[in-house]
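*Asks:* First the structure, which I've put down as C-alpha cells, then a few questions once you've had a look.
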Amino acid sequence: MRTQITKSLTTNEAIVVYTIVALSLAIGFINPAFREFSTAITLSRAMLVTLIFAVLEMMVIVSGGIDVSFPAIACFSSYATLRLILAFDIDSVFFFYAVAGVMGIAFGLVNAFLIAKMELPALIATLGVSSVANGATLAFLGTKEYSNIPEGIDQLSKTFLFSYTNSNGITFQMTSLILIPLVLLILAYVVLRHTMLGRGIYAIGGDRFAARIAGFNVTRIQYIIYMTAGFLAAVGGVTYTILMRQGSPQNLMGSEMMVIAAVVVGGTRITGGHGTVFGTLSGVLLIAIVQNNLIMVGVPTHFQSFVVGLIIVLGTGITSIRAKRVANSSKV
C-alpha cells in the first residue's frame, strides 16, 4: 500500500501538478492580481484551442504514432469553409463545423491510409499531409484575411457563460466555447478508460504485434484514430476562427511542437502505450501559465521562451527516464 502511494506521488502527472502549484504560489506571492478569479478566465481562453489539439495529439501518441499535420488541416478546413460561407452568404454555426469537420476527416483518412496501409512512418506521412494542406490553402484559397464573419456565427464569440468583475472594476467573461474542450476531455477519458476502443489504442501503442495477436484490429483502430484527429483539428480551427472573429490561412501554423510538448510534459510517453487525459490537461495548463503569466512578475517575453523550453526538456527527460525504468524492470 505504501509503495502504491509513493508511486502515485512521483508520477509525471503528480510532478506537473506540483510544478503548477509551486509556480502559482510564487507568481501569486509576487503579484496578488494572479490570485484573482480573473486569472482562471484568462487562462481558460488561452488554453481553449490548445486543449482541443492536445486531446487529438494525446490519442495519436498513445497509439504509438504522431501527428504534425493538425495545424495545416485546421487552417485549410476552417479557411476553406469560411470562404464558402462568405461566397454563398451562409450564416450557420452548424454548417461551419460540419463542413470543416468533413474536410478534416478527409485529411485524416489520407493520414490513416499512408500509415496503416502504406506503412509509412507516422512523422513522414503527417508531415507530407501537412505540406499538402498548407500548400493547397495558399495556392488555391489565397492569403487574404477575413474579419466579416456572418452575424449568426460571430454571435457565438459574444456568448458567455458568466462574467466576473475584479477588484479594479475590470469585467472578465467566460466564453461559452470553453465547453467544447471540456466535453472533448470527458469523452476522451471515457473512450480511453472504459471502452474496448480505448484498450485497443493503448494496446497498439504498447506493442502493435502483441495487440494484433490479442485480437485487436490494428488497421481499423488506426483509421479511427487519424480520422478523429482530422475531425478534431477542423473543430479546433473553426473554434479559433470564431474566438478570434477572424479567418486567416496561417493563424495556427507552427503550433504543433508546443502542443506535442504539452502532451509529453503531461506524462504521455512519446513511444506510445501510456498517457492520461488529466496529465494532458496539466501539461497544457503548465505551459499556459508560463506563456501568459510570467509577465506578471516582470519576466521578459524572450525569457519566457527559455522557461518553456526548460520545462519541455525536463518534462520529456523525466518521461524518458521513467519509460526506461519500466522497460528494464519488466525484463528482470
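*Asks:* Working only within the stretch 267-293, note down all residues that are under 18 Å from Leu56 (Cβ atoms) and among the hydroxyl-bearing types (Ser, Thr, Tyr).
*Replies:* Taking the stretch 267-293 first, the residues under 18 Å from Leu56 (Cβ atoms) are 267-270, 272-285, 287-288.
Correct list: Thr268, Thr276, Thr280, Ser282.
*Asks:* Taking into account only those residues within the stretch 35-64 that are surrounded by fewer than 20 Cβ atoms within 10 Å (Cβ to Cβ) and of a type outside the set (Ser, Thr, Tyr), which is nearest to Leu179 (Cα to Cα)?
*Replies:* Filtering the stretch 35-64 for residues that are surrounded by fewer than 20 Cβ atoms within 10 Å (Cβ to Cβ) and of a type outside the set (Ser, Thr, Tyr), the one nearest to Leu179 (Cα to Cα) comes out as Arg45.
*Asks:* Follow-up. Being touching a residue at least 60 places away in the same chain (Cβ under 8 Å) and under 14 Å from the mean Cα position of the chain (by Cα) narrows it down to one residue among Gly273, Gly237, Gly205; which is it? Steps first, please.
*Replies:* Details: Gly273 fails: under 14 Å from the mean Cα position of the chain (by Cα); Gly205 fails: under 14 Å from the mean Cα position of the chain (by Cα).
The unique qualifying residue is Gly237.
*Asks:* Can you tell me which residues in the stretch 84-95 are in contact (Cβ under 8 Å) with a residue 60 or more places away in the chain and either closer than 13 Å to Ser69 by Cα or of a type outside the set (S, T, N, Q) (or both)?
*Replies:* The initial filter retains those residues of the stretch 84-95 that are in contact (Cβ under 8 Å) with a residue 60 or more places away in the chain, namely 85-86, 89-93.
Once the filter is applied, which keeps residues that are in contact (Cβ under 8 Å) with a residue 60 or more places away in the chain and either closer than 13 Å to Ser69 by Cα or of a type outside the set (S, T, N, Q) (or both), the stretch 84-95 yields Ile85, Leu86, Asp89, Ile90, Asp91, Val93.
*Asks:* Ala133 - would you say it is assigned to a helix (DSSP H, G or I), among the small types (Gly, Ala, Ser) and at pLDDT below 95?
*Replies:* Values: assigned to a helix (DSSP H, G or I): yes; among the small types (Gly, Ala, Ser): yes; at pLDDT below 95: no.
For Ala133, the condition - assigned to a helix (DSSP H, G or I), among the small types (Gly, Ala, Ser) and at pLDDT below 95 - is not met.
*Asks:* Do the conditions hold for Ala229, that is, is it within 25 Å of Val99 (Cα to Cα), surrounded by 20 or more Cβ atoms within 10 Å (Cβ to Cβ) and among the small types (Gly, Ala, Ser)?
*Replies:* yes
*Asks:* Would you please name the residue that is farthest from Asn134 (Cα to Cα), looking only at residues in the stretch 240-261 that are within 14 Å of the chain's Cα centre (by Cα) and in a helix (DSSP H, G or I)? Give the steps one after another, and end with the answer.
*Replies:* Step one: list which residues in the stretch 240-261 are within 14 Å of the chain's Cα centre (by Cα), which gives 240, 252-261.
So of that shortlist, the ones also in a helix (DSSP H, G or I) come out as 240, 256-261.
Details: Tyr240: 17, Glu256: 13, Met257: 16, Met258: 18, Val259: 18, Ile260: 19, Ala261: 22 Å.
Only one residue tops the list, namely Ala261.
*Asks:* Looking only at the stretch 262-284, count every residue that is part of a helix (DSSP H, G or I) and surrounded by fewer than 22 Cβ atoms within 10 Å (Cβ to Cβ) and tell me the total. If you could, list the steps in order and put the result at the bottom.
*Replies:* Initial filter on the stretch 262-284 (part of a helix (DSSP H, G or I)): 262-265, 277-284.
Right, trim to surrounded by fewer than 22 Cβ atoms within 10 Å (Cβ to Cβ) and you get 278.
So the count comes out to 1.
*Asks:* Looking only at the stretch 96-112, count every residue that is without any contact (Cβ under 8 Å) to a residue 60 or more places away in the chain and farther than 25 Å from Ser157 by Cβ and tell me the total.
*Replies:* The qualifying residues number 1.
*Asks:* Separate question: Looking at the stretch 113-123 only, could you name the residues that are in contact with a helix residue (DSSP H, G or I) (Cβ under 8 Å, 6 or more places away or on another chain) and among the aliphatic types (A, V, I, L, M)?
*Replies:* Selection gives Leu114, Ile115, Ala116, Met118, Leu120, Ala122.
The values are calculated or read from the model by the stated rules, or taken from the named source; none is laboratory data. Treat the numbers as computed from the prediction; the structure is a model and nothing was measured. Every residue, glycine among them, receives a Cβ derived from its backbone with ideal geometry; neighbour counts consider all protein chains shown.
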